[in-house]
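Mind having a look at this structure? Questions to follow.
The values are calculated or read from the model by the stated rules, or taken from the named source; none is laboratory data. All values reported here derive from a predicted model rather than from experimental measurement. Cβ placement follows ideal geometry from the backbone for every residue including glycine, while neighbour counts extend to all protein chains displayed.
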Amino acid sequence: MSILNAYITKAPSAQNILDIFSGEWSSRLPADSNLITAPGSAALFDDSRIDWVAEILGYFSGKTCLELGPLEGGHSFMMQKMGAKKIIAIEANSRAFLKCLCIKEIFKLDKVDFKFGDFMPFLTNDKSKYDLVIASGVLYHMEEPVELLKLISKVSDQVFLWTHYYDKNIISRRDDLAHKFNRLSSFEYDGITYEYSTQSYKKALDWAGFCGGPNTVSKWLTRESIIKALEQFGFADIKIGFDHLDHPNGPSFAICAKK
């Protein structure tokens, strides 16, 4: 590739910024923006799950939020629009982080501080307290998912999770998913036993827009283990929504939990 291919001859525009990552987008931008993110189809900039969080845990106005894995900034965009005071959003995927910066520039997200790095060491060392932690689409990408929930419990009394989970009866019957998972296993953390299955990303790693975890495999906890961990770490009030057993990528659900 010639370095001259990095130049553009069009007049400046927001679309030019987005086209830097053409073919890598997962999210669809708001319809009234008239902007295209190819091949993005996920409605993360107008996500009913974030509306649900606002209803269950109280609206975002005036809150300081910690967002883990913002991907392309869709939920960050929504939280600022809903009046959040401050959003710290930590992204470990370099290309996803740069896409977040594109979104920050286009929509002038002055309440959002996108940080490039791994949120596990950040949480381990962070002494701050947040009104709310948003962890949408990250738990099932972790190799240590229970440790993540414990770390979250130390920095906030409220958390929103959206995650896939392992259900042997469902996944074993789906040829498109079963080959990615190992047998059901268990491990102990802080004296409590949790169940999980190791999944492999396989061909998904070949896409430049890959939005999974930093390793070739991750642990999918069972539904029961996720709830058990939250309760173990002090989240007594747990609300469940968006429970989709037939989600294309595997069973999933959303949780709003508070102490």
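Does the range 78-92 hold any residues that are outside any helix (DSSP H, G or I) and under 28 Å from Ala38 (Cβ atoms), and which are they?
The answer is Met82, Ile87, Ala89, Ile90, Glu91, Ala92.
Without any contact (Cβ under 8 Å) to a residue 60 or more places away in the chain, over 27 Å from Asp126 (Cα atoms) and crowded, with 18+ Cβ neighbours inside 10 Å: is that true of Lys180 in this structure?
For Lys180, the condition - without any contact (Cβ under 8 Å) to a residue 60 or more places away in the chain, over 27 Å from Asp126 (Cα atoms) and crowded, with 18+ Cβ neighbours inside 10 Å - is met.
Please go through the range 89-111 and give me each residue that is farther than 18 Å from Ala43 by Cα and without any contact (Cβ under 8 Å) to a residue 40 or more places away in the chain, ordered by number.
Once the filter is applied, which keeps residues that are farther than 18 Å from Ala43 by Cα and without any contact (Cβ under 8 Å) to a residue 40 or more places away in the chain, the range 89-111 yields Ala89, Ile90, Glu91, Ser94, Phe97, Leu101, Lys108, Leu109, Asp110, Lys111.
Something else about it: Only one of Glu188, Glu195 is more than 20 Å from Leu161 (Cβ to Cβ) and acidic (Asp, Glu); which?
None of the others qualify; the one that does is Glu188.
Test Leu66 against the stated conditions and say whether it is buried (at least 20 other Cβ atoms within 10 Å of the Cβ) and part of a strand (DSSP E or B).
Criteria met by Leu66.
While we're on this one: From the list Leu57, Leu35, Leu4, which one is out of contact with any Ser or Thr (no Cβ under 8 Å at 6 or more places or on another chain), surrounded by 15 or more Cβ atoms within 10 Å (Cβ to Cβ) and modelled with pLDDT under 95?
Leu57
Tally up the residues in the range 25-56 that are under 18 Å from the mean Cα position of the chain (by Cα), not polar (S, T, N, Q) and not in a loop (DSSP other than H, G, I, E, B), please.
7
Going by the structure shown, is Lys150 among the charged types (D, E, K, R), in contact (Cβ under 8 Å) with a residue 60 or more places away in the chain and under 17 Å from Tyr189 (Cβ atoms)?
yes
Name every residue in the range 3-24 that is free of Cβ contacts under 8 Å to residues at least 12 places away in the same chain and either part of a loop (DSSP other than H, G, I, E, B) or basic (Lys, Arg) (or both), in order of residue number.
Tyr7, Ile8, Thr9, Lys10, Ala11, Pro12, Ser13
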